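Reviewing the structure listed below.
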Amino acid sequence: MDLLTLAIETSCDETSVAVIKNGREILSNIISSQIDIHKKFGGVVPEIASRKHIESINNIIKEALNTAGVGFKDIDLVGVTRGPGLVGALLVGISSAKALAYGLDIPLIGVNHIEGHICANYLTHERLEPPFTCLVVSGGHSYLLYAKGYVDYELVGRTRDDAAGEAFDKVARALGIPYPGGPVIDELSKRGNPHAIDFPRIFLEDNSYDFSFSGLKTAVLNYLNGEKQNKREIIVEDVAASFQQAVLDVLVDKTFRLARENDSKKIVLAGGVAANKGLRALVEEKGKKEGIEIFYPSKILCTDNAAMIGSAAYFNYINGKESDLGFTVEPNLGLN
């Protein structure tokens, strides 16, 4: 029996609604981005984000249903991001989802946003199944885990300070690159020398799977300040390439080490930084050498979207995980 999920994602600055069939097929995935609004502030302003979600959500729901060619009566369950994210932004999505589930008298599934990023891969790769090693990297999160099943994760590593995407944005700001800076650094890196500047690789303790990018970020800022004080020319492309390579070396090394430890033949990338071309190229090159298959979502599914939330909601539902109407926002929700 086919199950249609109406999914809502409002954790940050995208208002998104999708209709997903059986957790694998996208019937619609409408995304209304606020990037142009927040760009002049150099980052997301929570209050503005919340207001824009309120203004957009009803129209986005209608558009998602119309694009999918279905009505409310065709929907079998509602999925919504419950965290992590901005409190006010999350509340808009959760309130809408609760109203729909209650009015339609259908199941409601509160979804972990990080789990949604992982499930984005199921929408891109219809034959992908657990178990696999997974690296989740985005603006606010860096996780390394082993997926034993669709809703069964063993978390083995996480960021201790700045997430990878956060470090990208902060370094971009120091280079005068407007928000969001991560994609621009990726493009600049193609024209720079990744070995021009010897930035540190922070591996932490022996055998640790955790990440730390705060020290690397500080090293880049110190380098830029030193060059300016000595009135030396700063080659932005070389700084971008050297910084990105320092981040990717750590991410890739730890991911493949975990894959070897678990004798895993599949590595999955997820999150906004999974769209980074340098990361994809490095992982694919190493995957070929070690006989490990590499998966990552299509570019539109790497960033925040409701389709991934719909996939996660489906797999949670068929595995017996359902939310009641009393569940609340969890802005600091972790993966385990």
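The values are calculated or read from the model by the stated rules, or taken from the named source; none is laboratory data. This structure is a prediction, so every number in the text was calculated from the model and none was measured. Glycine also receives a Cβ, built like all others from the backbone with ideal geometry; neighbour counts cover every protein chain displayed.
Here are the numbers:
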quantity: Any hit, region 18-36, residues being in the same structural domain as ALA312 (by TED's automatic domain parsing), at pLDDT below 95, within 16 Å of PRO331 (Cα to Cα) and out of contact with any Ser or Thr (no Cβ under 7 Å at 6 or more places or on another chain); calculated: no
quantity: Qualifying positions in region 132-163 - touching a Phe, Trp or Tyr at 6+ places or on another chain (Cβ under 8 Å), assigned to a loop (DSSP other than H, G, I, E, B) and of a type outside the set (Gly, Ala, Ser); calculated: TYR150, VAL151, ARG160, ASP161, ASP162
quantity: Considering residues of region 183-199 that are of a type in the set (Gly, Ala, Ser) and in a loop (DSSP other than H, G, I, E, B) only, the residue surrounded by the most Cβ atoms within 10 Å (Cβ to Cβ); calculated: GLY192
quantity: Qualifying residue in region 221-235 (condition: assigned by TED's automatic domain parsing to the domain that holds GLY181 and in contact with a Phe, Trp or Tyr (Cβ under 8 Å, 6 or more places away or on another chain)); calculated: yes
quantity: Residue match in region 222-235 (condition: in contact with a helix residue (DSSP H, G or I) (Cβ under 6 Å, 6 or more places away or on another chain), among the hydroxyl-bearing types (Ser, Thr, Tyr) and surrounded by 17 or more Cβ atoms within 10 Å (Cβ to Cβ)); calculated: no
quantity: Residues (under 18 Å from ASN305 (Cβ atoms) and touching a Ser or Thr at 6+ places or on another chain (Cβ under 7 Å)) located in region 101-115; calculated: ILE109, GLY110, VAL111, HIS113
quantity: Neighbours by Cβ (under 8 Å, 6+ apart or cross-chain): first from region 61-76, in contact (Cβ under 8 Å) with a residue 60 or more places away in the chain; second part of a loop (DSSP other than H, G, I, E, B) and surrounded by 13 or more Cβ atoms within 10 Å (Cβ to Cβ); calculated: ILE75/ILE106; ASP76/LEU3; ASP76/ILE106; ASP76/PRO107
quantity: Single unsatisfied condition, ALA167 versus (1) surrounded by fewer than 24 Cβ atoms within 10 Å (Cβ to Cβ); (2) farther than 22 Å from LYS321 by Cβ; (3) touching a Phe, Trp or Tyr at 6+ places or on another chain (Cβ under 7 Å); calculated: (1)
quantity: Complete set of residues in region 117-128 that are touching a strand residue (DSSP E or B) at 6+ places or on another chain (Cβ under 7 Å) and within 22 Å of ASP74 (Cβ to Cβ); calculated: LEU123
quantity: Hits in region 269-309 - residues which are within 20 Å of the chain's Cα centre (by Cα), more than 24 Å from ILE8 (Cα to Cα) and of a type in the set (A, V, I, L, M, F, W, C); calculated: LEU279, ALA281, LEU282, VAL283, ILE294, PHE295
quantity: Residue within region 274-297 that is of a type outside the set (A, V, I, L, M), under 20 Å from ILE26 (Cα atoms) and modelled with pLDDT under 95 present; calculated: no
quantity: Criterion (under 16 Å from ILE118 (Cβ atoms) and aromatic (Phe, Trp, Tyr)) met by exactly one of PHE315, PHE327; calculated: PHE315
quantity: Neighbours by Cβ (under 7 Å, 6+ apart or cross-chain): first from region 280-307, of a type in the set (Asp, Glu); second assigned to a helix (DSSP H, G or I); calculated: GLU290/PHE256; GLU293/GLY287
quantity: Selected residue (only one of ARG232, ARG257 is among the basic types (Lys, Arg) and over 20 Å from GLU154 (Cβ atoms)); calculated: ARG232
quantity: Hey, ILE109 buried (at least 24 other Cβ atoms within 10 Å of the Cβ) and either under 17 Å from the mean Cα position of the chain (by Cα) or of a type in the set (Gly, Ala, Ser) (or both) or not; calculated: no
quantity: Given (1) of a type outside the set (Ser, Thr, Tyr); (2) touching a Gly at 6+ places or on another chain (Cβ under 9 Å); (3) surrounded by fewer than 17 Cβ atoms within 10 Å (Cβ to Cβ); (4) under 17 Å from SER142 (Cβ atoms), number of the condition ILE202 does not satisfy; calculated: (3)
quantity: Any hit, region 253-273, residues being in a helix (DSSP H, G or I) and modelled with pLDDT under 95; calculated: yes
quantity: Residue within region 255-264 that is surrounded by 22 or more Cβ atoms within 10 Å (Cβ to Cβ) and in contact with a helix residue (DSSP H, G or I) (Cβ under 7 Å, 6 or more places away or on another chain) present; calculated: no
quantity: Options GLU166, GLU129; residue that is in a helix (DSSP H, G or I) and within 24 Å of ARG257 (Cβ to Cβ); calculated: GLU166
